[in-house]
Amino acid sequence: MPMVRQDTPESDCFISIGYDLTARELELTFASGKTYILSNVDPLTALGLSEATSKGEWYHMNIKGQYTERRTGCKDWEQAERR
């Protein structure tokens, strides 16, 4: 199943968010332009973020630091997995 993306013009924190149900990956593009893929994210968490009134606040309370993430669009030597 392909990644389903949602532009978030109402968010000061994110440009877009996307979720791949099959891979259970959440893709977050921050206002800074940096994009991260978070692994093993359950569908209800992704849905909660997409429906949150304040996506930045919801992210900080429910997602940040809870999943393994990798930055996309950077050189291999810059690639750092964080948890």
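The values are calculated or read from the model by the stated rules, or taken from the named source; none is laboratory data. Note that the structure is a prediction, hence the values are computed from the model and not measured. Quick reminder, even Gly has a Cβ in these numbers, built from the backbone with ideal geometry, and neighbours come from all protein chains shown.
Give the residues of the stretch 18-37 that are part of a strand (DSSP E or B) and more than 17 Å from residue 57 (Cβ to Cβ), sorted by residue number.
Selection gives 18, 19, 20, 25, 27, 29, 35, 36, 37.
Collect the residues in the stretch 4-17 that are hydrophobic (A, V, I, L, M, F, W, C) and in a loop (DSSP other than H, G, I, E, B), keeping them in residue-number order.
Result: 13, single match.
Count, please, the residues in the stretch 43-70 that happen to be surrounded by 12 or more Cβ atoms within 10 Å (Cβ to Cβ) and either acidic (Asp, Glu) or assigned to a helix (DSSP H, G or I) (or both).
Of the residues in the stretch 43-70, 12 are surrounded by 12 or more Cβ atoms within 10 Å (Cβ to Cβ) and either acidic (Asp, Glu) or assigned to a helix (DSSP H, G or I) (or both).
Name the residues in the stretch 9-23 that are over 16 Å from residue 67 (Cβ atoms) and under 12 Å from the mean Cα position of the chain (by Cα), would you?
Passing the criteria: 13, 15, 16.
Suppose we filter the stretch 24-41 for residues that are modelled with pLDDT under 95 and more than 11 Å from the chain's Cα centre (by Cα); how many remain?
Residues flagged as modelled with pLDDT under 95 and more than 11 Å from the chain's Cα centre (by Cα) within the stretch 24-41 amount to 3.
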